[in-house]
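Enquirer: A single structure is presented below for examination.
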Amino acid sequence: MLSIDVGFGNTKIYDGEELAAFPSVYKSTTVDYEPSTDPDDQLLELDGVRYHVGITALKEGGLAPFDKEDMLRHRIFTLTAICASTEGEDFADDVALGLPIGDYAFMADKLKKEIKGKYEVKYNGKKVNIDIKSVKVYAQAEAVYKLLAKDTPEIANKLVGIVDVGQKTVDFAFFNRGRFVKEWSGSMEQGVINAYQSIATAIEEKLGYEVPDYDVPHYRDRLPEDNEKAFSTMATAIKDRLIRKHWNFKQMDYIYIVGGGTSYIAPYFKDTPYKPIDGEKAVFANAYGYYEGE
């Protein structure tokens, strides 16, 4: 079984032993292109179309679709993750995926149906047969809660919040002594990309050149004050949303922050019952959680 977290920023993979990740970016290329020996040069051929995926696609200004219902996006990144994990060998097994809480109800069944099945692809020029026998889809924050409960059983008797900071969305879940409270949980259509866009605008206005929003991490240190303002503003927006969802920081026992945006947002939660977890585990929490759920 393979656990794959298809994020809007990065796709993360966990096979029970090893972790891997690549940028969730793809770009179609010419049929005569051959992959280089660079391990980051991932080339997937699907239905007769060749796609650069990951770092090469990112460097070449590829697509990072933000349409949550874009099944081609899910298919390309899931199949590439499988090929990367098996190093291009055939695959016949189950796959665990996940969705933000706000998307789960209307997207889970569609994702299962669209991803399950047999595929004949080429990965870096090599033919690969993939048989995804079944697809399990998890609500992200609920999977993370179960993962945390295995390491810290006492949270079953606590008031716990989980905030998953992603590239496009922030997923949040409230647990009242082990019970998931749907009314106090949800997703917000704001993520790290919003802060990147603010920084990119500042770079253009103050430094005179344009930077694609997804490439901002390479330029953040050039305007430290604007970088600080962008993430401070984002953190405030998240807190405001949580408060409107009835999160009482004084009453709660623990708040966990996970996802690729953890390092950006966690510093602004020091005035809450924020409980740090290992950096790698925080970033890969969803992939770990889906796998443990199986």
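Enquirer: Using Cα-only point scatterers and the Debye equation, what is log10 of I(q)/I(0) for the stretch 60-125 at each q in 0.11, 0.18, 0.19, 0.21 Å⁻¹, rounded to two decimals?
Expert: Log10 I(q)/I(0), no solvent term: -0.30, -0.78, -0.85, -1.00.
Enquirer: Output wanted: per-residue J couplings in Hz (rounded whole) for the stretch 209-218, from phi through Karplus 6.51 cos²θ - 1.76 cosθ + 1.60, θ = phi - 60°, x for Gly and Pro.
Expert: 9, 9, 10, x, 4, 6, 9, 4, x, 6
Enquirer: So, one more: Taking 0.36 nm per intervening residue step and subtracting the Cα-Cα distance, what contour gain separates F66 from V181 on full extension?
Expert: Stretched out fully, the F66 to V181 stretch lengthens by 38.6 nm.
Enquirer: Mean residue ellipticity at 222 nm from the helices of the chain, using -39,500 (n - 2.57) per DSSP H segment of n ≥ 4 over the full residue count, to the nearest 500 deg cm²/dmol?
Expert: -10500 deg cm²/dmol
Enquirer: When the Karplus curve 6.51 cos²θ - 1.76 cosθ + 1.60 is applied with θ = phi - 60°, which whole-Hz ³J(HN,Hα) does each residue of the stretch 236-249 get, with x for Gly and Pro?
Expert: 4, 4, 5, 4, 4, 5, 5, 5, 5, 8, 6, 6, 9, 4
Enquirer: Based on DSSP, what percent of beta bridges with both residues in the chain are antiparallel, to the nearest 5?
Expert: 70 percent
Enquirer: If you place +1 on the Cβ of every Lys and Arg and -1 on the Cβ of every Asp and Glu, how big does the dipole about the Cα centre of the chain come out, in debye to the nearest 20?
Expert: Computed about the Cα centre, the dipole is about 1220 debye.
Enquirer: Please work out how much length the chain gains when fully extended from E17 to K59, using 0.36 nm per residue of separation minus the C-alpha to C-alpha distance, in nm with one decimal.
Expert: Taking E17 through K59 to full extension adds about 12.2 nm, to one decimal.
Enquirer: I'd like the antiparallel share, as a percent to the nearest 5, of DSSP beta bridges with both residues in the stretch 1-122.
Expert: Beta bridges within the stretch 1-122, antiparallel portion: roughly 90 percent.
Enquirer: For F106, put the label point 7 Å out on the Cα→Cβ axis and report which residues of the stretch 54-96 keep their amide N under 13 Å from it.
Expert: Residues passing the 13 Å test: 68-70.
Enquirer: Label the stretch 190-255 by shape, choosing from rounded, prolate and oblate, from the square roots a ≥ b ≥ c of the eigenvalues of the Cα gyration tensor; if a/c is under 1.5 it is rounded, and otherwise prolate applies when a/b is larger than b/c, oblate when it is not.
Expert: prolate
Enquirer: Connecting C-alpha atoms closer than 10 Å in a GNM of the chain, tell me which of I13, I243, I255 has the biggest fluctuation.
Expert: Ranking I13, I243, I255 by mean-square fluctuation puts I243 first.
Enquirer: If you count the DSSP beta bridges with both ends in the stretch 152-285, what percent of them are antiparallel, to the nearest 5?
Expert: Antiparallel: roughly 70 percent of the beta bridges in the stretch 152-285.
Enquirer: Return the distance in nm (one decimal) between the two label points of a simple spin-label model at E120 and S134, each offset 7 Å from Cα along Cα→Cβ.
Expert: Reported label-point gap for E120 and S134 is 2.8 nm.
Enquirer: How large are Rg and Dmax for the stretch 152-285 when only the alpha carbon atoms are used, in Å?
Expert: Cα only, the stretch 152-285: 15.9, 54 Å (Rg, Dmax).
Enquirer: Could you work out the Rg to Rh ratio of the chain, with Rh taken as the Kirkwood radius (inverse of the mean 1/r over all Cα pairs)?
Expert: Here the Rg-to-Rh quotient is 0.98.
Enquirer: Mind scanning K110/K150; K146/K182; K12/K59; K168/K270; K146/K250 and naming the pairs with a C-alpha gap bigger than 27 Å?
Expert: Beyond 27 Å between Cα atoms: K110/K150.
Enquirer: Using the Cα gyration tensor of the stretch 1-90, with a ≥ b ≥ c the square roots of its eigenvalues, what is the shape: rounded (a/c below 1.5), prolate (a/b larger than b/c) or oblate (neither)?
Expert: oblate
Enquirer: OK, next. Along the Cα→Cβ direction, 7 angstrom out, place labels at E204 and D38. What is the inter-label distance in nm?
Expert: Distance between the two pseudo-spin positions: 2.7 nm.
Enquirer: Helix 192-207 versus the longest principal axis of the chain: what angle, 0 to 90°, nearest 10, using Cα atoms?
Expert: 80 degrees
Enquirer: Calculate one ³J(HN,Hα) per residue across the stretch 132-149 by plugging θ = phi - 60° into the Karplus curve 6.51 cos²θ - 1.76 cosθ + 1.60, and present them in order as whole Hz with x for glycine and proline.
Expert: 8, 6, 8, 10, 9, 10, 10, 6, 3, 5, 5, 5, 5, 4, 5, 5, 5, 5
Enquirer: Then there's this: Just to confirm the filter: which chymotrypsin sites (Phe, Trp or Tyr not before Pro) across the stretch 191-231 are DSSP coil and have at most 11 other Cβ within 10 angstrom of their Cβ?
Expert: Passing both the DSSP loop test and the Cβ count: Y209.
Every read-out reported here was derived from the displayed coordinates using simple, explicitly stated rules and does not represent laboratory data. This structure is a prediction, so every number in the text was calculated from the model and none was measured. Here Cβ is always computed from backbone atoms with ideal geometry, including for glycine, and neighbour counts include all displayed protein chains.
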